[in-house]
1. Among residues other than Arg59 whose Cβ falls under 13 Å from its Cβ, what is the net charge (Lys/Arg +1, Asp/Glu -1)?
2. Answer rounded, prolate or oblate for the stretch 191-339, using the Cα gyration tensor with square roots of eigenvalues a ≥ b ≥ c: rounded when a/c is under 1.5, else prolate when a/b is larger than b/c, else oblate.
3. Any lysines with Cα under 30 Å of the Lys207 Cα? List them, leaving off those in the same chain fewer than 8 positions away.
4. Give the residues of the stretch 85-124 whose amide nitrogen is closer than 16 Å to a point set 7 Å from the Cα of Ala38 in the direction of its Cβ.
5. Contour minus end-to-end for Arg334 and Gln69, with contour as 0.36 nm per residue of separation and end-to-end as the Cα-Cα distance?
6. Cα atoms only: what Rg and Dmax, in Å, come out for the stretch 61-108?
7. Work out the P(r) tail for the stretch 137-203: percent of alpha carbon pairs separated by more than 13 Å, whole number.
8. Taking amide H atoms as placed 1.01 Å from N in the peptide plane, list the residues 5 or more away in sequence, or in a different chain, whose amide H sits under 5 Å from that of Val200.
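Throughout, read-outs are computed from the coordinates displayed, never taken from laboratory work. On a predicted model such as this, the values are computed, not experimentally measured, just so you know. Positions of Cβ are generated from backbone atoms using ideal geometry, with glycine treated the same way; all protein chains shown enter the neighbour counts.
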Amino acid sequence: MPKYLPRLTALCLAMAVALPAVAEEVPPPPPTVADDPAAMAAEAERVGELGRVAYREGRYAEAYVAFEQAFALDQKPAWLYNMAKIKEKLADYTAAVELLDRYVAAFRKQNNGADPPNATDVANMRRDFEQRAYTALPEVTVVSTPSGAQILLGANGPTLGSTPLTTHMKPGRYPLVLRLADHDDLQTELVVPLSGTVRVVLSLNAKVRRAALTVWANVRGAQIAVDGKVVAVTPFVRNIDVEPGRHQVTLQRAGYHPVEDVFEIPQDRLLSARFVLKRIDSPTTWRTWLGWPLLVSGGALIGGGAVASYFADKEFAGSPWFNKLEQWQNLGYRGGGSAVGLGLVLLVWDGVREAIPSEELVDGVQLNAGSELTVLDATDLRR
């Protein structure tokens, strides 16, 4: 064992015993400003005075830091009021409003809810700051075609107003929704820069209000008028686009009685209307040309039979001349009656029928008048 080891051990033990005694003899630290409220208030006043000097010299940023430090030392409401005035000088009106609110709240807390003596001035100042904060924001103008659209911040967000609208908004990105009756909602994003003005012009698409009608008529060349306006001439196989609702359809053609009807056409429906036009005067046909000669000749035959009958009465029955007259009588009555009957049939037939020349009829099967509604498909719309 080295000779110095026992001595080293003894020395360490002696130091261990002596250390507590030394620690007990260290004096306590001197009191700090934080332990003395009066000292803190005094220090706050000293720092605050530096802030007042900086404020009077126009060094507003330095003044704000000084008042902020003073408030950290001593929560005197006046420091907050001074800070609000500095934010006014720096044109940070939003921060100024917040500091005025903190000033009033701090004063009430320290004075059992009482308002500060300058409460009226503070309220007026606060309104002025709010107005300045609003007008200092970037100016935003939203215009739409057509105008009168409601402007919302998001589909279910608050309403900003109606177009055209000029307002002020904080910088940032905003989801805008323009909403107008009978038009599709328009969704877009509004980007507001840090400064300057923004003008947005938006176009709204009208909602597609779809309805249509198709018109069939039995004759060619009839004018089709919808609500008093001629839109086509028969035959017309395409659809006529109309607004949903009530519509008057009229068909006219020279030589025919006009026809019209009123239809209610709902949204997304196709109305198929069929019209049958009738002639004002029926055209003369071979029936008339044959009927009149038959009628005249039949009358003559009947008259001849009557004459034969008259002379037969003057002859003796069974005489040759009597027999001849009797034959003429029978021929006149029978032949004439048949001719007159056939002629009358032909004339009446031509008079009561509604014959339409084949060249005036539309092609295809002749239909009856009527109408029906069907679902309007997108492919049914006129392009």
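1. With Lys, Arg at +1 and Asp, Glu at -1, the neighbours total +1.
2. prolate
3. Leaving aside lysines fewer than 8 places away in the same chain, those within reach of Lys207 are Lys229.
4. none
5. Length gained, Arg334 through Gln69: 81.3 nm.
6. 9.8, 28
7. Working: 1314 of 2211 pairs.
Summing the P(r) tail past 13 Å for the stretch 137-203 gives 59 percent.
8. Thr141, Val142, Val143
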